[in-house]
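The values are calculated or read from the model by the stated rules, or taken from the named source; none is laboratory data. Note that the coordinates shown come from a computational prediction; the quantities given were computed from them, not determined experimentally. Cβ: placed from backbone, ideal geometry, glycine included. Neighbour counts: every protein chain shown.
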Amino acid sequence: MFKLHSFKIPQTIIKSQFRTITSSNYKSQKPPFKRHKRKLKPKPIPFLTDLKQLHDSNEALDLFTHYTQIGFKHDFPSYSSLLYKLARSRNFHHIDPLLDFIKKRGIRCNETLFMGLMQHYGKCQLVDKAIQLFNEMPKFNCERKLQSFNTLLNVLIDNDRFSDANDMFLRSKELGFRLNSVSYNIMMKGWLVKGDLENAIKVFDEMLDRQVQPSVVSYNSLIGFLCKKGEIGKGMKLLIDMTKKGKHPNAVTYGILMEGFCSLGKYNEAKKMMFDMEYRGCKPQVSNFGILMTHLARRGKLDEAKSLLIEMRKKGLKPDVVTYNILVNFLCKEGRVEEAYKVLVDMQIKGCEPNAATYRMLVDGFCRVDEYERGLSILHAMITSRHFPRVESFDCLVTGLLKNGKMDDAYFVLEEMEKRNVRLLPGKWESLVVEFCGSNDTIDQLLESLMN
């Protein structure tokens, strides 16, 4: 419960308000003191509070049902939160019935819900479902605006449905949408993915003809394409052109050019570019340092790459998980797994949480140097952090543990695989048993134990 504390007005202010005010000086008198009401924060919704604690979408559905049974009246925030939870868990077969229920109840939905669902459909290649949802938005008392149009356009481009995206783009006026720079940027991306710079430039020119101002993203797309083709000179000309037109390059713009120089082996020019951006008022970001670190690591200059962490901190930048992963990746590839493990410890001390990639690289790294028990300890930490290895990592760990006679540990890994429905072919297990146990009467018994 929130309490409003009583507010006492100072006596001097009270007395001043009771002065006699004549008609002659009324207008010049200051208005009486007004007490400002404190805005109360909205009370938390119990269902949403409990829902946030759950990671399993089926448990979320059970919770929703439980609250319904005890008389809790669900509204749009409840339904939208549950739908997001289902979509993130790829539990799509429960989404349609819930949407139908919302439609029948006449619950008013906002555009962001459908945008989020379309994006999740797109990530799982369910493009037709995204199109269907976009077409049915008016049935949910939700107006389709340009944001949802752009979301679907991007889903089509990202899923190699270019012809559908282009048709939708060309019919935008007919559909009632006035395109903005985001719309044009998406279509430029589509043409550039197809390797068609000429048509991408036509889209860029059309944007100018329709008096739609190109954004920094528009320029970044073209500069990025040119740099990937090794045409750094043309990319630099575009950089000059955008600054002349009043568009300020951002850290991404400079990062693209830095990657271009690095791809040509011009590390010094890339580093000079970072100093140049700072001189022009664009503060280098963690990603810019990451580009230099990746280039140095690829050339085997790992110690020099590690020194960039110190340089970052001097500039007040905090390395993120991607930055640390660059070091972990290349250290593991060079067999310096113990150093990679120290990077893991260091990043945790510095308050940076490892992600799934960090753990996976270390599990694989320890397996590569035949330190399977160390790999297993990383697996334990990985599972505790709710991250999971690849099938190849499981395979490597089981093989190594069996090879070293660590049957209990191998069983543990197999149980974790079973929990996540990760299974290798029976033929693989049979070959492992034959290889490590030899040909004898216990093979059939052990094989059956492993497979069960």
Problem - Hits in the range 140-176 (condition: surrounded by fewer than 17 Cβ atoms within 10 Å (Cβ to Cβ), within 30 Å of ARG105 (Cα to Cα) and small (Gly, Ala, Ser)) - result: GLY176
Practice task
State yes or no: is CYS227 closer than 28 Å to PRO354 by Cβ and of a type outside the set (A, V, I, L, M)?
Solution key: no
Fill in the blank from the handout: Residue set PHE204, PHE134; condition touching a Lys or Arg at 6+ places or on another chain (Cβ under 9 Å) and of a type in the set (Phe, Trp, Tyr); output residue PHE134
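Restricting attention to the range 219-241, and to residues there that are of a type outside the set (A, V, I, L, M, F, W, C) and surrounded by 18 or more Cβ atoms within 10 Å (Cβ to Cβ), which single residue is farthest from LEU264 (Cα to Cα)? Break it down into steps so the answer makes sense when it comes.
Pass one, the range 219-241, residues of a type outside the set (A, V, I, L, M, F, W, C): 219-221, 224, 228-231, 233-235, 237, 241.
Those left that are additionally surrounded by 18 or more Cβ atoms within 10 Å (Cβ to Cβ): 219-221, 224, 235.
On the way: TYR219: 21, ASN220: 19, SER221: 19, GLY224: 14, GLY235: 14 Å.
Within the range 219-241, the match that is farthest from LEU264 (Cα to Cα) is TYR219.
Name every residue in the range 204-228 that is polar (S, T, N, Q) and part of a loop (DSSP other than H, G, I, E, B), in order of residue number.
Looking only at the range 204-228, we keep the residues that are polar (S, T, N, Q), and these are 211, 213, 215, 218, 220-221.
Listed by number, the residues that qualify are GLN211, GLN213, SER215.
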Handout entry: Search result, residues across the range 411-421 that are modelled with pLDDT under 85 and either within 14 Å of VAL363 (Cα to Cα) or surrounded by 17 or more Cβ atoms within 10 Å (Cβ to Cβ) (or both)
Key = LEU414, GLU416, MET417
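If I go through the range 378-390 residue by residue, how many of them are assigned to a helix (DSSP H, G or I) and closer than 12 Å to VAL363 by Cβ? Step through it out loud before you land on a result.
Going through the range 378-390, the residues assigned to a helix (DSSP H, G or I) turn out to be 378-384.
Among the residues that remain, those that are also closer than 12 Å to VAL363 by Cβ are: 378-383.
Count: 6.
Considering only residues that are exposed (fewer than 12 other Cβ atoms within 10 Å of the Cβ) and either of a type in the set (S, T, N, Q) or free of Cβ contacts under 8 Å to residues at least 24 places away in the same chain (or both), which ones fall in the range 196-218?
Pass one, the range 196-218, residues exposed (fewer than 12 other Cβ atoms within 10 Å of the Cβ): 198, 205, 209-211.
Matches in the range 196-218: GLU198, ASP205, ASP209, GLN211.
Conditions (1) closer than 23 Å to GLY176 by Cβ; (2) in contact with a helix residue (DSSP H, G or I) (Cβ under 8 Å, 6 or more places away or on another chain), marked per residue:
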site: GLU59; (1), (2): no, no
site: LEU63; (1), (2): no, yes
site: HIS66; (1), (2): no, no
site: GLN69; (1), (2): no, no
site: LYS73; (1), (2): no, no
site: ILE95; (1), (2): no, yes
site: ASN110; (1), (2): yes, yes
site: ALA130; (1), (2): yes, yes
site: PHE134; (1), (2): yes, yes
Exercise for the section: Search the range 258-271 for residues that are closer than 11 Å to LEU296 by Cα and pair each with any residue that is part of a helix (DSSP H, G or I) when their beta-carbon atoms are under 6 Å apart and the residues are at least 6 apart or on different chains. Expected result: CYS262/ALA270; CYS262/HIS295; TYR267/HIS295
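When you scan the range 73-86, do you find a residue that is touching a His at 6+ places or on another chain (Cβ under 6 Å), at pLDDT 90 or above and surrounded by 15 or more Cβ atoms within 10 Å (Cβ to Cβ), even just one? Steps first, answer last, please.
From the range 73-86, those touching a His at 6+ places or on another chain (Cβ under 6 Å) are 86; that's our starting set.
Going one step further and asking which of them are at pLDDT 90 or above, we end up with 86.
Applying the additional criterion that residues be surrounded by 15 or more Cβ atoms within 10 Å (Cβ to Cβ) yields 86.
The answer is yes, given that some residue of the range 73-86 is touching a His at 6+ places or on another chain (Cβ under 6 Å), at pLDDT 90 or above and surrounded by 15 or more Cβ atoms within 10 Å (Cβ to Cβ).
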